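Read through the structure below, which is laid out as structure tokens, and then see the notes.
The values are calculated or read from the model by the stated rules, or taken from the named source; none is laboratory data. These figures come from a predicted structure and were not determined experimentally. Cβ coordinates were reconstructed from backbone atoms using ideal geometry, including for glycine residues, and neighbour counts include every protein chain displayed.
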Amino acid sequence: MPKIQAPTVVEHRASQRAALLDAARTLLSEHPERIPGLGEVAQHAGLARSSVYSYFKSRADMFDALVTDTFPRWSAYVEKRMDAATTPGQKIQAYVDSNLQLVARGDHALARALASASSSEALASSSRLMHDRLEAPLRTALTDHGSSDPVRMAELVQSIVYALSRMIEGGLSLRAATRLGRELLSPYLDGGSA
């Protein structure tokens, strides 16, 4: 019978830290209007309150870490959806659709809650990195699609995402928001740039 190896101290610490971040993410997603305390996060993760301080100096430190952990997940999700598309137009549409799916799933509310819970420095840095990371493949898809000004066109596409995101948060269904986005973009995406 093969011997099962116990996790190393490093693996154990990484697992517990991840459990705390997941618990904080879940609590913020469930109640974005309320910032949970360290004790509540520890309890939700199944850990003692005192153990939280082995990983984070303060609640603000934990939420800064959550910002740093959450934003790359958003970017990775959008990039994966864009990578799965085959044409530049489909990549642009995938950018819009995947961002709207994240908003409908509650990730945008989580991002807003994180903005109120974390330091402005961590938020600004992570937000800038996420924006830059998402902007590059969108600009590439717009260039490949034939845009004469992919930088400004990316801003226009992002403004559509922003407006539809607000509509979703105001009660519009994801299906309706996606339909509106496609209705607006399809003449450009189906016909190439003018």
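Below, the figures for the structure above:
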quantity: Any hit, the stretch 31-45, residues being under 17 Å from the mean Cα position of the chain (by Cα) and at pLDDT 95 or above; calculated: no
quantity: The listed residue being under 22 Å from Leu100 (Cβ atoms) and at pLDDT 90 or above, out of Arg25, Arg81; calculated: Arg81
quantity: Only one of Arg81, Arg34, Arg73, Arg25 that is basic (Lys, Arg) and more than 30 Å from Glu135 (Cβ to Cβ); calculated: Arg34
quantity: Single unsatisfied condition, Glu33 versus (1) part of a loop (DSSP other than H, G, I, E, B); (2) in contact with a Lys or Arg (Cβ under 8 Å, 6 or more places away or on another chain); calculated: (2)
quantity: Hits in the stretch 163-179 (condition: within 11 Å of Asp97 (Cα to Cα) and out of contact with any His (no Cβ under 8 Å at 6 or more places or on another chain)); calculated: Leu164, Leu174, Arg175, Ala177, Thr178, Arg179
